[in-house]
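Some notes on the structure that comes next.
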Amino acid sequence: MDSHQGHTDHKENIPKLQVDWTANPHTVKVDQETEIFIDIKDFSGKVIETFLAVHEKEMHLLAIKKDLSVFQHLHPQYIEKGRFHVKTTFPKAGEYKFYADFLPEGANQQLASHELVVKGLETKEEVVPDKLLKKEIDDLTIELILPKAKVDEHISLIFTLYDKNGNPITELEPYLGSAGHVVIVSEDMNEFLHVHPVDENTKGPDVEYMTSFPRSGLYKIWGQFKYKQQLYTVPFVIEVK
């Protein structure tokens with residue numbers, strides 16, 4: 001079972017829900033617009049009718065290429081009768097894994113996963129830990145501050161944001177009702193962490209998160225922040241020992 005952690009405790013219901021995935025077209029190609037349908041039923045096959053919004057959306061869908069070189073944070077629209085729908089385009093060929101995060105009414109937070117192959121000429125990128133946890137994303141500089149990560153230890157991840165002149169940013173805008181969102185995936189994609197800030201309303205320059213890592217190995221972290229109406233996504237790779 002995929003691991004899922006955040007500022008609340010997410011557990012799967014027993015019995016588990018049925019989640020069916022459909023792609024249109026059935027054979028997905030690189031750079032081709034693709035529709036993804038997600039149908040959700042209970043264990044007996046009865047359609048789940050009502051879903052609650054979490055951070056302004058009824059579903060958060062993360063589409064990640066298996067070499068961790070592509071990251072998409074999508075928000076499928078709820079149609080009716082347990083069906084969600086979203087359109088996207090995959091910029092690289094290869095294997096992708098989807099993580100659907102949603103909350104049926106009267107149930108616990110749910111996490112469902114699915115795998116999809118995108119046809120085309122595939123290139124694979126090696127997952128290598130970043131030597132310097134500071135990156136320039138468009139006109140911002142974003143630094144990640146964290147202690148040496150060890151298995152099962154609660155640690156603080158602090159993102160610090162600066163503008164192009166090196167001034168600390170103090171006017172972050174809410175993204176999906178929060179100061180920022182962070183998704184963390186292990187190199188083998190078996191561990192998935194979706195965490196939210198300790199202070200949802202902070203304006204910067206620091207945005208702090210608390211999490212723990214269930215196993216050792218390499219993890220990729222994507223932080224997402226909104227500033228002056230633009231969404232910034234910053235990736236870091238760390239090693240957990």
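The values are calculated or read from the model by the stated rules, or taken from the named source; none is laboratory data. Model, not experiment: these values are computed from the prediction. Here the Cβ is made from the backbone with ideal geometry for all residues, glycine too, and neighbour counts use every protein chain on show. When the accessible area is computed, the model is the full protein with side chains, heavy atoms only, and any ligands, DNA or RNA have been set aside. Shrake-Rupley method; radii C 1.70, N 1.55, O 1.52, S 1.80 Å.
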**Study point:** Solvent accessible area, Å² - SER212, 1.4 Å probe, full protein context
**Key:** 10
**Study point:** Gyration tensor verdict on region 196-241 (Cα atoms; rounded if a/c is under 1.5, prolate if a/b is larger than b/c, oblate otherwise)
**Key:** oblate
Exercise for review: Quickly work out the ILE79-to-LYS16 label distance, labels modelled 7 Å from Cα along the C-beta direction, and quote it in nm with one decimal.
Suggested key: 2.5
Review point. Pairs LYS46/LYS92; LYS16/LYS66; LYS41/LYS87; LYS119/LYS203: which are spaced more than 32 Å apart, C-alpha to C-alpha?
Key: LYS46/LYS92; LYS119/LYS203
Check your understanding: Taking the Cα centre of the chain as the origin, how large is its charge dipole in debye, to the nearest 20, when only Lys and Arg (+1) and Asp and Glu (-1) carry charge on their Cβ atoms?
Key -> 340
**Study point:** 10 Å Cβ shell holding at most 15 others, DSSP loop, GluC sites (Glu not before Pro): longest site-free stretch of the chain
**Key:** 57-104
Revision key, fill the gap. Here the relative contact order (percent) of region 181-241, from C-alpha pairs under 8 Å and at least 6 apart, is 32
Point to revise | Cβ-derived FRET efficiency at R0 35 Å, LEU52 paired with ALA23, nearest 0.05 | key: 0.85
Practice item. Taking only protein heavy atoms into account and a 1.4 Å probe, give the accessible area per residue of the chain in Å². Key: 50
Point to revise | Rel. contact order, % - alpha carbon contacts under 8 angstrom, at least six apart, region 28-128 | key: 33
Revision key, fill the gap. Counting only protein heavy atoms with a 1.4 Å probe and every protein chain in place, the carbon and sulfur fraction of the accessible surface of the chain in whole percent equals 47
Point to revise | Relative contact order (%) - the chain, alpha-carbon pairs under 8 angstrom, separation at least six | key: 18
Practice item. Quickly work out the LYS135-to-LYS150 label distance, labels modelled 7 Å from Cα along the C-beta direction, and quote it in nm with one decimal. Key: 2.8
